[in-house]
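Beneath this line is the structure, given in structure tokens, with notes to follow.
The values are calculated or read from the model by the stated rules, or taken from the named source; none is laboratory data. Just so it is clear, the model here is predicted, and its values are computed rather than measured. A quick note on method: Cβ atoms are made from the backbone with ideal geometry, for glycine too, and the neighbour counts reach across all protein chains shown.
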Amino acid sequence: MAADPIQHRLDESQALGLFSLDLHELGRRADAFRRRLHGNRAYYVVNRHIHYTNLCALKCKICTFGHAPGQAGVYERSVEQIAQDASAAADGGASQIHLTGGLHPSWRIERYEQMLRAIRQAAPGLHIKAFTACEIQHIAALSTLTIEAVLERLIEAGLGSLPGGGAEILDDSIRRELFPGKISSQEWLDVHRMAHLRGLPTNATMLYGHGERSEHRIRHLMLLRQLQDETGGFEAFVPLAFISPPDGRFPPGPWGVDDLRVIAASRLVLDNFPHIKAFWAMQSLAVSSVALHFGADDIHAAIASYDIVARPGQPSQALSQPQLVAAIRAAGFEPCRCDGTYSTPRAATAHK
């Protein structure tokens, strides 16, 4: 269910002004709005990422995850291996499986249906979040199906929600430069619209700190707010801080102050989004904890292994549930564990 709009909705000019507002005042406004919606609760999920392949048909300039055919380090996990991972995740107390991967150049929809059904059989109680809008369109093209047909078949196979990845910045000039071959801004929005119309909830993301301007960020948020007005299908917005690849081709990503400003501005602009996530794997646990006072109500997830982005010296990142709960409490909030979506929040004390 969408958040209640603030009394005075910000227009694009007013929203842009948030980036020049005093940081403490911006945080105070965002925190007041966040507390009106969620009180002192801070949500999280116990999540297991399953990276089913890093083989990718795209060559995004800032990506360190995707590999080309024949490149050293390429992997493709079998359906049986994915089912084993899901079973282990369920045994370990996870409540969500998040499938992540590249755009495999030859897999058609049947492969993805097999993955979903195998997870559903191995771990029937887990929520499955999988397949970005880019993957959905890629699967449709390779399978010679409509996007609507792909969504319906994946839902039938067990898909519970779509992640928000692939949005990057919803500006096609930037997309053509940094993410050549990736779907357009409108195509990304259209996939999410079609998912919402089929009752499939989704998240939305924004990758920031790679050279875009404040105007690009605000336009991105406005496009998301407009679609949410239309469908009400977004569950959460996840700002993703750019982590510069170690090869020195790009300047360092955003600092913590910029992270907090983006999160606070997002909370105020996206007045119809129920949740704003601070994703510790992109922004660090310390910044994400502070972000709970700057409009974020969700610190994302306890994760066994996350390999999509790599910080220097940390090719894989992990955070246990006790560590995450301790960070939330240290920030002065009540940890509230969710089961995949926000429909069944539970106090963390019941799930130590």
Report, by residue number, each residue of the stretch 74-120 that is buried (at least 19 other Cβ atoms within 10 Å of the Cβ), part of a loop (DSSP other than H, G, I, E, B) and polar (S, T, N, Q).
95
Cβ pairs under 6 Å, 6+ apart, first in the stretch 19-40 and part of a helix (DSSP H, G or I), second surrounded by 15 or more Cβ atoms within 10 Å (Cβ to Cβ) and acidic (Asp, Glu)
34/297; 38/297
Which residues, counting only those in the stretch 335-352, are in contact with a helix residue (DSSP H, G or I) (Cβ under 9 Å, 6 or more places away or on another chain), at pLDDT 60 or above and over 17 Å from residue 48 (Cα atoms)?
335, 336
Test: residue in the stretch 136-157 that is modelled with pLDDT under 95 and in contact with a helix residue (DSSP H, G or I) (Cβ under 7 Å, 6 or more places away or on another chain):
no
Is it the case, given these coordinates, that residue 123 is surrounded by 24 or more Cβ atoms within 10 Å (Cβ to Cβ) and among the small types (Gly, Ala, Ser)?
no
Listed by first then second residue, the pairs whose first member lies in the stretch 235-262 and is over 18 Å from residue 24 (Cβ atoms), whose partner is assigned to a helix (DSSP H, G or I) and at pLDDT below 95, with beta carbons under 7 Å and at least 6 positions apart or on separate chains, are 240/282; 241/282; 241/283; 243/282
Would you mention how many residues in the stretch 249-277 are at pLDDT 95 or above, in a loop (DSSP other than H, G, I, E, B) and either touching a strand residue (DSSP E or B) at 6+ places or on another chain (Cβ under 9 Å) or β-branched (Val, Ile, Thr) (or both)?
4
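For residue 176, state whether it is in a helix (DSSP H, G or I), without any contact (Cβ under 8 Å) to a residue 40 or more places away in the chain and among the basic types (Lys, Arg).
yes
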Conditions first: (1) touching an Asp or Glu at 6+ places or on another chain (Cβ under 8 Å); (2) without any contact (Cβ under 8 Å) to a residue 24 or more places away in the chain. Residue 72 passes all but one, so which condition is the exception?
(1)
Using beta carbons and a limit of 6 Å, which pairs, at least six apart or on different chains, have the first residue in the stretch 140-165 and in a strand (DSSP E or B) and the second one at pLDDT 95 or above and among the hydrophobic types (A, V, I, L, M, F, W, C)?
162/195
Yes/no for residue 209 being closer than 21 Å to residue 163 by Cα and touching a Pro at 6+ places or on another chain (Cβ under 6 Å)
yes
Mind telling me which of the residues 178, 200, 145, 162 ends up being surrounded by 24 or more Cβ atoms within 10 Å (Cβ to Cβ), aliphatic (A, V, I, L, M) and more than 18 Å from residue 226 (Cβ to Cβ)?
162
Within the stretch 203-219, residues being buried (at least 21 other Cβ atoms within 10 Å of the Cβ) and charged (D, E, K, R) number 1
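Being modelled with pLDDT of 80 or more and more than 20 Å from the chain's Cα centre (by Cα) is the filter; apply it to the stretch 301-324 and report the residue that is surrounded by the fewest Cβ atoms within 10 Å (Cβ to Cβ).
Start the filter on the stretch 301-324 by keeping residues that are modelled with pLDDT of 80 or more, which leaves 319-324.
Still in the list and also more than 20 Å from the chain's Cα centre (by Cα): 322-323.
Numbers: 322: 11, 323: 13.
Ranking the candidates gives 322 first.
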